[in-house]
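Quick notes on the structure that follows.
The values are calculated or read from the model by the stated rules, or taken from the named source; none is laboratory data. Keep in mind the model is a prediction, meaning the values are calculated, not measured. With ideal geometry, Cβ positions are generated from the backbone for all residues, glycine too; neighbour counts draw on all protein chains shown.
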Amino acid sequence: MKKLNIYRYSLWIGICFFIIGFYLIRSENILGDFLLGIGAIFALTILVLGLKDVYANERINSNERIMWLIGFIFILPIVGILYYPNYRKRNA
C-alpha cells in the first residue's frame with residue numbers, strides 16, 4: 001500500500017473516530033473511550049508520516065520545517081488536512 005493511501009485513510013478514519021468518540025463520551029457511553037483511543041492511533045500515524053515527509057523533503061527550508069512541526073504537534077487534524085494536498089503532490 002502506498003504511503004499516500006495510508007496517510008489519506010489515517011486522516012479521514014481518525015477524524016471520524018474522534019467525532020464519534022466525542023459524541024459517545026458526551027452521552028456517557030463507554031464505547032466513546034475506545035473510539036477515541038483508536039482515533040489517537042490514527043492521529044499518531046498521521047503525525048509520523050507527515051513529519052517524516054517534511055524532514056525528508058529538501059525543498060522545505062528550516063523555518064518552514066519548524067512551522068510544520070509546531071502545527072503537527074499542536075493542531076494535528078487541521079494541519080493534517082492542510083498538508084494533505086502537498087503530501088499528495090510529492091508522494092503520489
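Couple of notes before you dig in:
- Whichever residue in region 8-37 is farther than 18 Å from Ile73 by Cα and among the aliphatic types (A, V, I, L, M) and, among such residues, is farthest from the chain's Cα centre (by Cα): Ile30
- Here Asn57 meets the list (1) farther than 14 Å from Tyr84 by Cα; (2) modelled with pLDDT of 85 or more almost entirely, failing just condition (2).
- Contact map, region 46-67: residues that are closer than 18 Å to Ile78 by Cα paired with residues that are among the basic types (Lys, Arg), Cβ distance under 6 Å, separation 6+ or inter-chain. Pairs shown: Val54/Arg65.
- Selection of region 1-15 for residues being in contact with a helix residue (DSSP H, G or I) (Cβ under 8 Å, 6 or more places away or on another chain) and at pLDDT 85 or above yields Ile13, Gly14, Ile15.
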